[in-house]
Amino acid sequence: MDTNQAKKRIGKLRKEIEGLRYRYHVLDDPKVTDDVYDSLTRELKALEAEFPGLVSGDSLINRVAGKPLEKFVKVPHKVRMLSLNDAFSKAELKDWEKRIRKLLDVGADLIRPTGGKMGSSPTGRRVGQFFKMSNQLNYFCELKLDGLAVSLIYEKGLLIRGATRGDGFVGEDITQNLKTIKSIPIKLNQPFPEYVEVRGEAVMAKKVLDALNKKQAAEGKVLFANTRNAAAGGLRQLDPKLAAERNLDFFAYDVVSVGGGLDRSLQNHSDKHDLLRTLGFKVDEHEAVCKDLDEVGKFVDKIEKLRPDFPFGTDGVVVSVDDLALQTILGVVGKAPRYMVAYKYPAEKATTIITNIFFNVGRTGVLTPVAMFEPTLVAGSTISKATLHNMDQIDRLDIRVGDTVVIQKAGDVIPEVVEVLVKLRSGKEKKVKAPEKCPVCGGGVKRRGVGEGFKPSQKKDGLEAHPYTGMSSVAFYCVNPKCPAKNSRGMQHFVSVLDIYEIGPKILDRLQEEGLISDAADLFTLKKSDLEGLERFGAKSAENIIKSINDHRKISFPKFIYALGILHVGEQTAEDLAVSFATLDKLIAASVEEINNIENIGPVVSQSVYNYFHAQENLKFVKKLLDNGVVIESQRLNVEGQRLQGRTFVITGSLETMSREAARAKIKELGGKTSESVSKQTSYVVVGKEPGSKYNKALELGVEILDEQRFLELIR
Ligand code: IVH
């Protein structure tokens, strides 16, 4: 075949394959069997390999997993990636409506007519006044899919970058991995704008998770707790081939910026969904424009009935004010927009009979009672045990072995027992006694102190505090610092946070039994020869384990903090700590007050963090990790140095806490730019007292407005 013929054939193949991909992966309407698709794809790949000059931006080669990366590159988001506030009941939705109506009544007066940009509106005044007169507020309802937020940027119709949310300001470039998701278009349908940023959710189907977990179990590896974790792990693979194996999917839900050549105006959130569909994205079909909260309630109820049968996990419904001009008036507070809320479904419930209660030793030594019961189907999965939290809970609910109980499970939350059906008792049920010995090491057990965050040396109500954390809530803990159970739970947590999926609990136990490791830090000095020598340990699995450890030595600061397993420090708190303190040294040196000053972190957590970094054994462990080659990826770049990179600020009005010069200097220090005039390119307008016309201009153009408080949070 000569180049000319190849060109023609390639053109035809691309068009045909693209059409099939769209039907299959976006419309869920396969026209031909996989075999035909695969066969045409093979032919195209072969031709593109033979004629590399004919490879272009929309070539199939782009879907083929490329070379593994060394690490992910940090990328600043042009528009911050926000999160959502939750509403757990219809009453909370009403409260939300009350708050936004109040703001809209005031805000409507501020809107001025403008030249028009998405988010504001050329009909700004009309919208505002119309709202005031009619009081009409339309809501847009859509599914809250349980996956990972992703940003996709298209230039001239081609996907040029895909990124994770990260801390909302700076994410990681995962373009290679995202290109392996077949429902993500590499090239947009015509007519497309010059530039567009699309946001959506990368998800894993429930069926895919089941199959993946079966495979993980067969290989003795860690099971994924839910589809979200499995999807997140997939997107964090440096090797796109591994990401492709996770079989992920993508649903678009938002367009956050459009530049040039858009042939329609975007007045409502629903218009964005229409645009996404015509550009070729998969947008979930369950959506509705509702004229009031009653209609929203009906949508929410309808979805609640349907969701157990959805192929993907959903944990709620996202409700937005449909009108984009009203969205602009409402703006953002903290990390979340005021104009959107996530209605979260309550946990699903089922009944079962408790067959046994045992005590599990956690990574902090706490003995947690766990109820075993007949395998029961709840919230889409079969479960046979649930945490009872602590002895207090057992006493409060009077839970006994043999009791019929109500269990519940919410989304990715672990199942729990919520109620005993006392009337169903036969009289043979057995009470549970508090443990006197650690069920694993036989060591002593003590009751842990109550009261909020007091220091380890203190006693309260005659109770001793937890030795490392000094934390509250009544619990029993194993006092043996060398208790193997504590250690192995801590290690399990560590390897799962680092995504070292090759090492499951069984392998960790084995390594510990063989004396090869005594803590997670020891993993990082293991050699292939250490493992190969072990009975029933193949050379291949030894190699895989060592490779996986080496691939995960570099770790982001938030993950590092989370991996330490500090009591009460979950993923979000770890991220908040990392952003606030920027370096490990600063975190270690922080006082309780400094930690407590962080938004969302209360006294109990502050004390726990402080205590962790003031216990010698913990500091030794942290040092050992670093000495053994764990590397905390520099946070300076995104947290201190370049945190505001790519963002332009305009300041108007006088600030109470600093001069405008000082504010400008701080913005520059953090990598941002300042400007005197507001334009579409402005990222934020900081509004102090008695703002000038720049404030109105910002409202007109739909530029995000920061009051002084929020500005301070941003530069803190
Ligand atoms: S809207 C304002 N729409 O929920 C930022 N988010 O808690 C929210 N999510 O990070 C974007 N489905 O990962 C939106 N239909 C949907 C969503 C959705 C799932 C996730 C998203 C976001 C999180 C917010």
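The values are calculated or read from the model by the stated rules, or taken from the named source; none is laboratory data. Please read all numbers here as calculations on a predicted model, not as lab measurements. Note that we place each Cβ from the backbone using ideal geometry, even for glycine, and neighbour counts take in every protein chain shown. Side chains included, ligands, DNA and RNA excluded: accessible areas come from the protein's heavy atoms. Shrake-Rupley method; radii C 1.70, N 1.55, O 1.52, S 1.80 Å.
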May I ask you to derive the relative contact order of the stretch 181-302, considering only C-alpha pairs under 8 Å and at least 6 residues apart, and to give it as an integer percent? 37 percent
Taking a quarter of the surface of the Cα convex hull of the stretch 296-342, what do you get in nm²? 4.1 nm²
Note the full-extension length gain between ARG264 and LYS15 as 0.36 nm times their separation in residues minus their Cα-Cα distance, in nm to one decimal. 87.0 nm
Taking only Cα atoms of the stretch 553-708, what ratio of Rg to Rh do you get with Rh as the Kirkwood inverse-distance radius? 1.09
Can you work out the FRET efficiency for the pair VAL370 and ASP34, with r the C-beta to C-beta distance and R0 = 41 Å, to the nearest 0.05? 0.40
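Which number do you get for Rg(Cα) / (2.2 N^0.38 Å) in the stretch 497-616?
Details: Rg = 17.4 Å, N = 120, 2.2 N^0.38 = 13.6 Å.
The stretch 497-616 yields a ratio of 1.28.
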In square nanometres, what is the average projected area of the Cα convex hull of the stretch 128-275? 11.0 nm²
Hey, rough spin-label estimate for ILE588 and GLU245, points 7 angstrom out along Cα→Cβ, what's it come to in nanometres? 3.7 nm
To the nearest Å², the heavy-atom accessible area per residue of the stretch 605-698 with 1.4 Å probe amounts to 49 Å²
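Highest first, please rank the peptides 80-90, 242-252 by the mean number of other Cβ atoms sitting within 10 Å of their residues. Can you show the working numbers first?
Numbers: 80-90: 16.3, 242-252: 21.9.
In decreasing order of mean packing, 80-90, 242-252 become 242-252, 80-90.
Over the chain, what lengths in whole Å, largest first, do the semi-axes of the equivalent ellipsoid take, defined as the square roots of 5 times the eigenvalues of the alpha-carbon gyration tensor?
Working: eigenvalues 370, 232, 161 Å².
They are 43, 34, 28 Å, listed from largest to smallest.
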If the label point sits 7 Å along Cα→Cβ of LYS335, residues of the stretch 544-566 with amide N under 20 Å come out as 556-566
Based on C-alpha coordinates, I'd like the Rg and Dmax of the stretch 240-304, in Å. 15.8, 47
With equal scatterers on the alpha carbons only and no solvent term, can you work out the Debye log10 of I(q)/I(0) for the stretch 585-636 at 0.20 1/Å? -0.79
Taking max minus min of the Cα coordinates of the stretch 191-275 on each principal axis, largest first, gives extents in Å of 54, 25, 16
Semi-axis lengths (Å, descending) of the ellipsoid that matches the C-alpha gyration tensor of the stretch 277-386: 39, 20, 14
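Please report, as a whole percent, how much of the solvent-accessible surface of the chain comes from carbon and sulfur atoms (probe radius 1.4 Å).
Numbers: 17200 of 33620 Å².
Result for the chain: 51 percent of the exposed heavy-atom area is carbon or sulfur.
Which value in deg cm²/dmol, rounded to the nearest 500, describes the helix-derived mean residue ellipticity at 222 nm for the chain, given -39,500 (n - 2.57) per DSSP H run of n ≥ 4 and division by the residue count? All intermediate terms of the calculation are to be shown ahead of the outcome.
Working: 25 runs with 255 residues, N = 716.
Helices in the chain give a 222 nm mean residue ellipticity of -10500 deg cm²/dmol.
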For the stretch 648-701, go through all pairs of different Cα atoms, get the mean of 1/r, take its inverse, and jot down that Kirkwood value in Å. 11.2 Å
Return the sequence-ordered ³J(HN,Hα) values of the stretch 651-660 in whole Hz as given by the Karplus equation 6.51 cos²θ - 1.76 cosθ + 1.60 applied to θ = phi - 60°, using x for Gly and Pro. 10, 9, x, 9, 8, 7, 9, 7, 6, 5
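Quick one: compute a quarter of the convex hull surface over the Cα atoms of the stretch 307-441 and quote it in nm². Intermediate results must be reported in sequence, preceding the final value.
Values: hull surface 48.6 nm².
It is 12.1 nm².
Using a probe radius of 1.4 Å on heavy atoms only, what accessible surface per residue do you get for the stretch 242-366? Whole Å² is fine. Write down the numbers at each step before the final one.
On the way: 4880 Å² over 125 residues.
Accessible area per residue, the stretch 242-366: 39 Å².
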Simple spin-label estimate for ASN135/ARG716, 7 Å along Cα→Cβ, in nm, reads 3.9 nm
For the stretch 349-371 and the stretch 566-591, write down the distance between their C-alpha centroids in whole Å. 30 Å
Estimated inter-spin distance, ARG536 and LYS156, nm [label 7 Å along Cα→Cβ]: 5.9 nm
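Could you give the semi-axes, largest first, of the ellipsoid that matches the stretch 205-359, computed as the square roots of 5 times the alpha carbon gyration tensor eigenvalues and rounded to whole Å? Numbers along the way, then the final one.
Details: eigenvalues 239, 112, 42 Å².
Three semi-axes, in Å: 35, 24, 15.
When every alpha-carbon pair in the stretch 491-539 is counted, what percent end up more than 14 Å apart?
49 percent
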Cα-based Debye curve of the stretch 562-610 sampled at q = 0.30 Å⁻¹ gives log₁₀ I(q)/I(0) of -1.40
For the chain, what relative contact order do you get, as a whole percent, if you take Cα pairs closer than 8 Å and at least 6 residues apart? 12 percent
